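For reference, the structure is listed below as structure tokens.
No lab work stands behind these numbers, since they all come straight from the coordinates. Only a predicted model underlies this, so the values are computations on that prediction, with no experimental measurement involved. Virtual Cβ from ideal backbone geometry, glycine too; neighbours counted across all protein chains shown.
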Amino acid sequence: MDKKQDSLTPLKDIISDLLGGSGLPFNPADGRIWEVWDKVVGPAIARNAQPSWIKKGRLRVDVSDPIWLQELEFAGETIREKLNSELGREAVERIEFRLGNI
């Protein structure tokens, strides 16, 4: 066996380390947020606000216009509690609403 072959790591070991370790920058179970969002917030909010990403408990939500942004900032804690309840765990520690493309 030459040196190059000795230094190769099998792909299955790399994937296992990625998925089994704490090295992922997100919790794969957090993907359920996108599945339950419309149900949790209702159709009016869902048409005007959509989650864009979550990292370390911080959920970023893009909002269609400044009026909705202001409304949702007042309702943020309630939305956070409903999301966590629907998910069955404390996935979202805080929600940041930002103007964005919906």
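Taking the range 57-102 as the range and being aromatic (Phe, Trp, Tyr) and farther than 17 Å from Trp34 by Cα as the test, the residues that pass are Trp68, Phe74. What tally of residues in the range 76-102 results from selecting those that are surrounded by 15 or more Cβ atoms within 10 Å (Cβ to Cβ) and either over 17 Å from the mean Cα position of the chain (by Cα) or without any contact (Cβ under 8 Å) to a residue 24 or more places away in the chain (or both)? Of the residues in the range 76-102, 3 are surrounded by 15 or more Cβ atoms within 10 Å (Cβ to Cβ) and either over 17 Å from the mean Cα position of the chain (by Cα) or without any contact (Cβ under 8 Å) to a residue 24 or more places away in the chain (or both).
Looking only at the range 54-102, residues that are farther than 14 Å from Val41 by Cα and among the polar types (S, T, N, Q) come to 3 in all. Sort out which residues of the range 28-51 are outside any helix (DSSP H, G or I) and loosely packed, with under 14 Cβ neighbours inside 10 Å, and write them in order of number. The answer is Gly42, and nothing else.
Tallying residues that are in contact with a strand residue (DSSP E or B) (Cβ under 9 Å, 6 or more places away or on another chain) and either part of a loop (DSSP other than H, G, I, E, B) or under 17 Å from Ser52 (Cβ atoms) (or both) within the range 69-102 yields 19.
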